[in-house]
Amino acid sequence: MDKFLHKHYEMCEMGDHNHEGNNIQWDYVSSLFFTGTILTTIGYGHSSPATLGGRVFTIFYAIAGIPFMLGLLNVVAEILLTTLKIIKSKKEKSTNCDSALIPLL
């Protein structure tokens, strides 16, 4: 158990490594995943910057990016709510027309 904990501690200190201790090469998808976890504040902890400069950059990136992500989510929510209101009003109008025609039949 001590060997496992020591290896885990070493990996955490070294930065972004897989379980075998090898450096992980980031590709485009991994970069998007990392960006998404930072900006949505999920932060799974699977990947992290290995250098001090990378860590500092990530902190400032999160400070600037999280408010932008919240703004984006706000815009998306407004669009969804507007769309749902339009659908609801169209459904109510069609329901009112159908009920007005029923007595005539």
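The values are calculated or read from the model by the stated rules, or taken from the named source; none is laboratory data. Predicted, not measured: the structure shown is a model, and the values here were computed from it. Methodologically, a virtual Cβ is constructed for each residue, glycine included, from the backbone with ideal geometry; neighbour enumeration extends over all protein chains shown. All accessible areas refer to the heavy atoms of the entire protein, side chains included, with ligands and DNA or RNA removed. Shrake-Rupley method; radii C 1.70, N 1.55, O 1.52, S 1.80 Å.
Structural remarks
- Hits in the stretch 29-55 (condition: open to solvent by 60 Å² or more (accessible area, probe 1.4 Å) and in a helix (DSSP H, G or I)): VAL29, LEU32, PHE33, LEU52, ARG55
- Any hit, the stretch 62-74, residues being surrounded by 10 or more Cβ atoms within 10 Å (Cβ to Cβ) and either touching a strand residue (DSSP E or B) at 6+ places or on another chain (Cβ under 8 Å) or closer than 18 Å to TRP26 by Cβ (or both): yes
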